[in-house]
């Protein structure tokens, strides 16, 4: 991608944000798994997950998908308009967040990418 990226265990919120940004860049380029960028993406993902777990940000799989969405929106400083860009419009987002509409399968993958959670966290059990 763009030269050397210094990788260390995450110890600050600013470093965490920097790594999240780098992961977004790498995901957009969709590197091959065994390429240097693919390995960097995997390493950064592990470090980010570790930091989130240590911060108590880990999302239990028993949480309702709406709570997952709200939690991640808060953690990533996202607004409903950010979700509307991938889900259709603000009305749909509002209805989903207030529980009067369910997520569709076509919404789950883009939303999981935006929120950086596994798609299964957004499926109702």
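Bear in mind these aren't lab numbers, they're just calculated from the coordinates by the rules spelled out. Please read all numbers here as calculations on a predicted model, not as lab measurements. A quick note on method: Cβ atoms are made from the backbone with ideal geometry, for glycine too, and the neighbour counts reach across all protein chains shown.
Summary of computed values
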item	result
Prolate/oblate/rounded label for the range 72-125 (Cα gyration tensor, a/c 1.5)	rounded
Length gained when the stretch residue 21-residue 64 is fully extended (0.36 nm per residue, less Cα-Cα span)	12.8 nm
Cα convex hull of the range 13-54, projected area averaged across orientations, nm²	2.7
Cut-off 19 Å, label 7 Å out along Cα→Cβ of residue 57, residues of the range 90-116 by amide N	111-116
Overall Cα dimensions of the chain - principal axes, largest extent first, Å	47, 29, 25
Estimated [θ] at 222 nm from DSSP helical runs (n ≥ 4, -39500 (n - 2.57)) normalised by residues in the chain, nearest 500	-18500 deg cm²/dmol
